[in-house]
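The values are calculated or read from the model by the stated rules, or taken from the named source; none is laboratory data. Since the model is a prediction, treat every value here as computed from it, not as a measurement. Positions of Cβ are backbone-derived with ideal geometry, glycine not excepted, and every protein chain shown enters the neighbour counts. Just the protein is used for accessible areas: all its heavy atoms, side chains included, with ligands, DNA and RNA removed. Shrake-Rupley method; radii C 1.70, N 1.55, O 1.52, S 1.80 Å.
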Amino acid sequence: MIDQIIDFNKDFVARKGYEKYLTDKYPDKKLAVLSCMDTRLTELLPAALGLIFPFVFIALLLCSCNNSKTNHGPESDMQTEMQDSLSAKPSVSKITAEMAYEGVNNYCHKEYDWSVAKDNPNIMYIQMGEETETEYEVVFRSYTGAFMYFYVDKTSGTTKMVEKVPNLGVEEESGTINLFDYLDKN
């Protein structure tokens, strides 16, 4: 697929296909649209708003967009559901680093599309971060360049997620999960 893209791009440049897209650095409408990343918006948004390119379209590359498994606010049903499920889980005196890694790894492989990493395995990964007295830090790197930091409570298994996009200076809490929901039950 990459070879096809490169071949097409070489042909596109050779026939000067880019010339109809030439513009200056200033948007015609003096408008910037800030959105989460959704490739459908590149054509849908201008049509829906009656805009003709160029305008500045900034897509935040956040890997948790529209993730239904996270808790996005105190009014969320997920919070109540999670609290109920936490009380139903077996009591464990201490979660190990291996358990923290396994649970986060299972969560990430269930929730995120890893097919993009098939040809380039270094583009997405999970690794252990720092450890404190009360929690483990496990870090997931998305193919978008965003990082999801999982802070696993060593006693309860409650795992807080914080998304960071270093290039954009974005840091945002993305909810919580219960680690026990993602551990293999042997």
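Tyr125 falls short on exactly one of the conditions (1) buried (at least 18 other Cβ atoms within 10 Å of the Cβ); (2) under 25 Å from Ile2 (Cβ atoms); (3) not basic (Lys, Arg), and that condition is (1). In the range 134-186, of all residues being assigned to a strand (DSSP E or B) and more than 18 Å from Glu111 (Cβ to Cβ), the one that is least open to solvent (accessible area, probe 1.4 Å) corresponds to Tyr136.
Residues in the range 98-122 that are open to solvent by less than 30 Å² (accessible area, probe 1.4 Å), closer than 20 Å to Gly175 by Cβ and either touching a residue at least 60 places away in the same chain (Cβ under 8 Å) or assigned to a helix (DSSP H, G or I) (or both): how many? Write out each step before concluding.
Going residue by residue through the range 98-122, those that are open to solvent by less than 30 Å² (accessible area, probe 1.4 Å) are 100, 103-104, 107-108, 112, 117.
When the remaining residues are screened for being closer than 20 Å to Gly175 by Cβ, the result is 100, 103-104, 107-108, 112.
With either touching a residue at least 60 places away in the same chain (Cβ under 8 Å) or assigned to a helix (DSSP H, G or I) (or both) added as a condition, the list becomes 100, 103-104, 107-108.
Final tally of qualifying residues: 5.
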